[in-house]
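Okay, structure first, notes after.
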Amino acid sequence: MRVLGVDPGTAVVGFGVVDTHHGLLGRLVECGVIRTRPSDPLPQRLQVIYEGMQELLRDHRPDVVAVEGIFYGANARTMGVLGHARGVILLAAAEAQIDVAEYSPATVKKTVVNQGAARKEQVGYVVAKLLKLSHPPTPHDAADGVAVALTHLMRQPPRQRKGGAR
């Protein structure tokens, strides 16, 4: 099974593509960020995110897209703008006919780090350990995207993780 994990944002979208191998957490295929220019109007930033997602979906052909939800402690304006970014991410997945799973930030941290209030550094460190990487993915947004993908995989029964080994 191949999972594209996404940590949405309007300035930076973190992503991580993780494959399973024989039902076990496998390997990190790619991780990184989609960056937008903060000086651009929101519609142009959303277009950059949408096109970046289309490219990731086309290049990696994941079985599922796992997306982190909105942190509800944020102010209303931040939540609204972040909702736009999540919307274009979900639209890109829907157009590609790829299933979407959504996880709250606390669920991601609790699943990966075993602590719902984990710091970004802790998330990166544990992601590196789980995938046997020599160092945590950078920047933190990329590590968060990988953590979202791992959350989806870790919450699946082992027989459902298998999909097709790639």
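With the structure loaded, tell me whether R166 is at pLDDT below 95, under 15 Å from D63 (Cβ atoms), surrounded by 14 or more Cβ atoms within 10 Å (Cβ to Cβ) and in contact with a Ser or Thr (Cβ under 7 Å, 6 or more places away or on another chain) or whether it fails that test. Considered against the rule, which asks whether it is at pLDDT below 95, under 15 Å from D63 (Cβ atoms), surrounded by 14 or more Cβ atoms within 10 Å (Cβ to Cβ) and in contact with a Ser or Thr (Cβ under 7 Å, 6 or more places away or on another chain), R166 comes out as no.
For R77, the requirement of being in contact with a Ser or Thr (Cβ under 7 Å, 6 or more places away or on another chain), over 18 Å from V146 (Cα atoms), among the charged types (D, E, K, R) and not in a loop (DSSP other than H, G, I, E, B) is not met.
Only one of the numbered conditions (1) closer than 18 Å to H152 by Cα; (2) out of contact with any strand residue (DSSP E or B) (no Cβ under 9 Å at 6 or more places or on another chain) is violated by V29, and that is (2). One residue is enough: does region 135-156 have a residue meeting the conditions in a helix (DSSP H, G or I), in contact with a helix residue (DSSP H, G or I) (Cβ under 8 Å, 6 or more places away or on another chain) and surrounded by fewer than 17 Cβ atoms within 10 Å (Cβ to Cβ)? Looking through region 135-156, at least one residue is in a helix (DSSP H, G or I), in contact with a helix residue (DSSP H, G or I) (Cβ under 8 Å, 6 or more places away or on another chain) and surrounded by fewer than 17 Cβ atoms within 10 Å (Cβ to Cβ). Within region 55-92, the set of residues being without any contact (Cβ under 8 Å) to a residue 60 or more places away in the chain and in contact with an Asp or Glu (Cβ under 8 Å, 6 or more places away or on another chain) comprises H60, G69. Residues being touching a strand residue (DSSP E or B) at 6+ places or on another chain (Cβ under 6 Å), part of a helix (DSSP H, G or I), of a type in the set (D, E, K, R) and within 21 Å of G32 (Cβ to Cβ) are entirely absent from region 117-130.
The values are calculated or read from the model by the stated rules, or taken from the named source; none is laboratory data. Worth saying up front: this structure is predicted, and the values here are computed from it rather than measured. Cβ coordinates were reconstructed from backbone atoms using ideal geometry, including for glycine residues, and neighbour counts include every protein chain displayed.
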